[in-house]
Amino acid sequence: MKTRIKGGNIVLESTCLVADIIVEDGKIAAIDSNQTEPVDREIDASGCIVLPGFIDPHTHMDLQQSAQFRAADDFYSGTVAAALGGTTMIIDHIAFSEAGSPLMTSINRYRQLARDAAIDYGFHGVIQHVDDAIIAELKHIVQSEGVSSFKAYSTYGYPSDDVALLRLLAALKEVGGVLTVHCENDGITKYYNDIFARRGTVAPRYYAQSRPNIAEAETVGRLIDWAHQVGDAAAYIVHTSTRQSLARVRRARQSGQTNLFVETCTQYLMLDESLYQGDGKTAARYIMAPPLRSGADREALWQGLFDGTVQTVGTDHCPFMLAEKQLASEDYRKAPGGIAGVQERGLIMYSEAVVKRGMSLCDFAKLMSTNAAKIFNCYPQKGAIQVGADADLVVLDPTKSYQFDGQTLASNCDYSPYQGYRASGFIDKVFSRGALVVDGAKFVGERGAGQFIAR
Ligand SMILES: [Zn+2]
């Protein structure tokens with residue numbers, strides 16, 4: 001099957017070019033305007049922007065968060081939603097297994113769970129305990145199993161202590177892997193949660209105060225120092241939400257640290273802690289960790305996107321149904337944590353970054369795709385429009401708009417955190433390795449067509 005995508009404004013890495021893309025055998029075979037040989041299918045993209053398929057570096061499909069709560073989307077519904085939003089690859093943060101399990105236990109379980117994925121996917125491995133056997137296994141997995149990034153938590157059920165973080169950073173540096181870290185100081189969050197529990201100030205309006213900015217920034221600072229200490233090891237901060245964390249990253253980079261990577265998420269750019277102040281039922285929709293922050297933090301994150309402090313925007317897509325969230329309407333501890341966003345991210349970021357704030361299309365493509373592919377070791381197969389790369393492509397019509405409605409989005413979740421938001425732009429077509437998976441905002445791909453991408 002040979003396809004010509006004709007006359008679109010193609011976003012390359014350092015320039016845009018109105019030309020045709022020839023797709024053959026799932027790959028980009030040519031980018032030019034003079035190629036006239038016959039094709040099986042021609043797509044008119046004139047007037048549209050053609051971008052590399054977006055990569056969401058942070059999702060939680062099919063997550064069993066606790067005995068009581070399982071995330072609303074599995075790998076099929078979640079990747080259909082992703083595709084409709086222009087995303088052609090997710091890198092999923094997989095769940096813990098039983099205490100004491102080898103690292104491959106969770107990875108093997110997710111290989112089964114992800115079989116129905118509609119677009120390509122990778123996994124970040126997950127750290128629970130660290131000992132000699134885990135370190136040896138970690139190195140083996142990076143070299144032989146196609147999973148080159150791992151996530152450590154500084155809080156929750158399996159917090160990695162300082163020694164564990166140091167060992168992980170050093171081991172991953174040896175084999176060219178990346179440590180991603182959920183940064184929230186366990187002691188600070190416990191301290192406030194204890195106080196709030198004793199005082200009975202556990203309504204959602206107290207939620208942001210229970211996990212203050214400093215909890216994140218402290219751990220970001222420590223991670224940066226440890227990564228520096230073991231020789232500028234690669235450290236990736238997931239879902240960064242505070243201005244204080246960004247300040248620490250800037251300081252470290254100014255003093256020469258190069259392997260620091262910062263992700264934020266759509267929700268920390270778009271929503272803020274004022275949403276916790278309304279009635280408890282509505283506020284409970286936004287329970288997630290880290291919590292939504294102040295307007296000043298939002299502004300600092302936007303600035304960070306434009307000055308290069310932040311490399312990627314993920315979603316931390318981990319939705320739960322309204323009835324589940326509303327269990328927390330009087331007590332924030334009762335809600336499962338997380339919100340949706342895998343479908344909304346692409347158009348929100350296009351509207352807010354490109355249309356409203358004037359980001360160049362090249363920088364937008366880096367933020368949504370190229371940077372994640374480079375950091376997570378799947379570039380240039382993914383993350384760029386170039387000859388030989390996978391034909392993962394988004395055809396975006398800038399003259400149309402699209403309004404989000406939780407009832408019509410593809411996620412199984414029954415609400416959208418961005419309900420009613422009208423995005424500039426319309427995702428008209430999406431190709432996954434050359435196969436048309438979205439046509440006119442309809443999913444036309446196949447269950448199970450997604451492939452595991454070894455990174
Ligand atoms: Zn997450």
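Here, each number is a calculation from the coordinates, and none is a lab measurement. If you're wondering where the values come from, they're calculated on a predicted model, not measured in any experiment. Note that we place each Cβ from the backbone using ideal geometry, even for glycine, and neighbour counts take in every protein chain shown.
State, in angstrom, two size descriptors of region 275-405 derived from its alpha carbons: Rg to one decimal place and Dmax to the nearest whole number.
When restricted to the Cα atoms of region 275-405, Rg and Dmax are 17.4, 55 Å.
So, with +1 on the Cβ of K and R and -1 on the Cβ of D and E, and no other charges, what is the size of the charge dipole of the chain about its Cα centre, to the nearest 20 debye? Let's see the in-between values first.
On the way: 44 positive and 53 negative charges, 148 e Å.
The dipole of the chain has a size of about 720 debye.
Determine the principal axes of the Cα atoms in region 388-447, then give the extent along each, sorted from largest to smallest and rounded to whole angstroms.
39, 30, 17
On full extension of the chain, what length is gained from Arg447 through Arg111, given 0.36 nm per residue of separation minus the C-alpha to C-alpha distance?
On the way: separation 336, 0.36 × 336 = 120.96 nm, distance 1.49 nm.
Value of the extension gain: 119.5 nm.
If you keep only loop residues by DSSP, which trypsin sites (Lys or Arg not before Pro) in region 193-271 have at most 13 other Cβ atoms within 10 Å of their Cβ? Before the final figure, lay out the partial values.
Values: sites: Arg198, Arg199, Arg205, Arg222, Arg243, Arg248, Arg250, Arg251, Arg253; in loops: none.
Filter output for region 193-271: empty list.
Output the Cα-based Rg and Dmax of region 112-169 in Å, rounding Rg to one decimal and Dmax to a whole number.
Taking only Cα atoms of region 112-169, I get Rg and Dmax of 13.1, 39 Å.
Grab the beta carbon distance between Gln277 and Ala136, set R0 = 51 Å, and tell me the FRET efficiency rounded to 0.05. Spell out each step's value before the answer.
Details: r = 50 Å, r/R0 = 0.97.
E between Gln277 and Ala136, to the nearest 0.05, is 0.55.
Out of the DSSP beta bridges found with both residues in the chain, what percent are antiparallel (nearest 5)? Working shown, then result.
Values: 33 of 68 bridges.
About 50 percent, rounded to the nearest 5.
Take the eigenvalues of the Cα gyration tensor for the chain, scale each by 5, and report the square roots as semi-axes in whole Å, largest first. Write out the running numbers ahead of the final one.
On the way: eigenvalues 234, 126, 87 Å².
Listed largest to smallest, the semi-axes of the chain are 34, 25, 21 Å.
If one takes the longest principal axis of the Cα atoms in the chain, at what angle in degrees, from 0 to 90 and to the nearest 10, does the Cα axis of helix 186-199 lie?
The angle comes out at about 60 degrees.
Compute and list, largest first, the equivalent-ellipsoid semi-axes of region 1-117 from the alpha carbon gyration tensor, each √(5λ) rounded to a whole angstrom.
On the way: eigenvalues 307, 39, 33 Å².
Taking √(5λ) for each eigenvalue gives 39, 14, 13 Å, largest first.
How many percent of Cα pairs in region 356-455 exceed 18 Å? Display every interim value, and only then the final one.
On the way: 2958 of 4950 pairs.
So the pairs more than 18 Å apart make up 60 percent of the total in region 356-455.
Amide H neighbours of Ile43 under 5 Å, counting only residues 5+ apart in sequence or on other chains, H built in-plane at 1.01 Å?
Arg4, Ile5, Lys6
log₁₀ I(q)/I(0) of region 289-352 at q = 0.25 Å⁻¹, via Debye over equal Cα point scatterers, no solvent, to two decimals?
-1.15
Any idea what the relative contact order of the chain is, in percent, if you count C-alpha pairs under 8 Å spaced at least 6 apart? Could the numbers behind the result be given before it?
On the way: 1098 pairs, mean separation 100.0, N = 455.
Relative contact order here is 22 percent.
Please identify the GluC sites (Glu not before Pro) of region 1-87 that satisfy two criteria: DSSP loop assignment and at most 14 other Cβ atoms within 10 Å. Which are they? Let's see the in-between values first.
On the way: sites: Glu13, Glu24, Glu42; in loops: Glu13.
Answer in residue order: Glu13.
With label points built 7 Å along Cα→Cβ from the Cα atoms of Glu42 and Tyr158, find their separation and express it in nm.
That separation, rounded to one decimal, is 5.5 nm.
What is the Cα centroid distance between region 312-370 and region 236-260, reported in whole angstrom?
21
Could you tell me which residue out of Gly157, Leu172, Ile195 lies farthest along the dipole of region 152-197 toward its positive end? Charges go on the beta carbon: Lys and Arg +1, Asp and Glu -1, centred on the Cα centre.
Among Gly157, Leu172, Ile195, the one farthest towards the positive end of the dipole of region 152-197 is Leu172.
Under the rule of at least 5 residues apart or a separate chain, name every residue whose amide H is placed under 5 Å from the amide H of Tyr421.
The answer is Phe404.
Tell me, what HN-Hα J-couplings in whole Hz come from the Karplus equation 6.51 cos²θ - 1.76 cosθ + 1.60 at θ = phi - 60° for each residue of region 71-78, using x for Gly and Pro?
4, 5, 9, 8, 5, 7, 4, x
Tell me the GluC sites (Glu not before Pro) within region 319-351 that lie in a loop according to DSSP and have at most 14 other beta-carbon atoms within 10 Å. Each step should come with its number before you reach the end.
Numbers: sites: Glu324, Glu330, Glu344; in loops: Glu330, Glu344.
Qualifying residues, ordered by number: Glu330.
Determine the dipole magnitude for region 196-290: charges of +1 sit on the beta-carbon of Lys and Arg, -1 on that of Asp and Glu, nothing else is charged, the reference point is the Cα centre, and the result goes in debye to the nearest 20.
Details: 12 positive and 8 negative charges, 55 e Å.
With Lys and Arg at +1 and Asp and Glu at -1, about 260 debye.
Collect residues whose amide H, placed 1.01 Å from N in the peptide plane, falls under 5 Å from the amide H of His58; neighbours closer than 5 in sequence don't count.
Ile91, Thr315, Asp316
State whether region 168-268 is rounded, prolate or oblate according to the following rule on the C-alpha gyration tensor (a ≥ b ≥ c being the square roots of its eigenvalues): a/c under 1.5 gives rounded; otherwise a/b larger than b/c gives prolate, and the remaining case gives oblate. Could the numbers behind the result be given before it?
Working: a/c = 2.56, a/b = 2.16, b/c = 1.18.
Prolate is the answer for region 168-268, as a/c is 1.5 or above and a/b outweighs b/c.
Run the simple label-point estimate for Tyr206 and Gln143 please: 7 Å along Cα→C-beta, distance reported in nm.
Reported label-point gap for Tyr206 and Gln143 is 5.2 nm.
Quick one: of Lys400/Lys429; Lys139/Lys173; Lys325/Lys356; Lys173/Lys374, which pairs are farther than 20 Å apart, Cα to Cα?
Details: Lys400/Lys429 13 Å; Lys139/Lys173 10 Å; Lys325/Lys356 32 Å; Lys173/Lys374 16 Å.
Pairs exceeding the cut-off: Lys325/Lys356.
Towards the positive end of the charge dipole of region 217-336, with charges on Cβ (+1 Lys, Arg; -1 Asp, Glu), say which of Met288, Thr242, Asn259 has the farthest Cα.
The listed residue farthest towards the positive side: Asn259.
Just going by the charge dipole of region 269-358, with Lys and Arg at +1 and Asp and Glu at -1 on Cβ, which of Leu271, Thr309, Gln326 is farthest out on the positive end?
Gln326
Separation of region 377-455 and region 142-161 by C-alpha centroid, Å?
Centre-to-centre distance over Cα atoms comes out at 28 Å.
Can you list the residues of region 373-413 with backbone N under 20 Å from a point 7 Å past the Cα of Leu17, pointing along Cα to Cβ?
379-396
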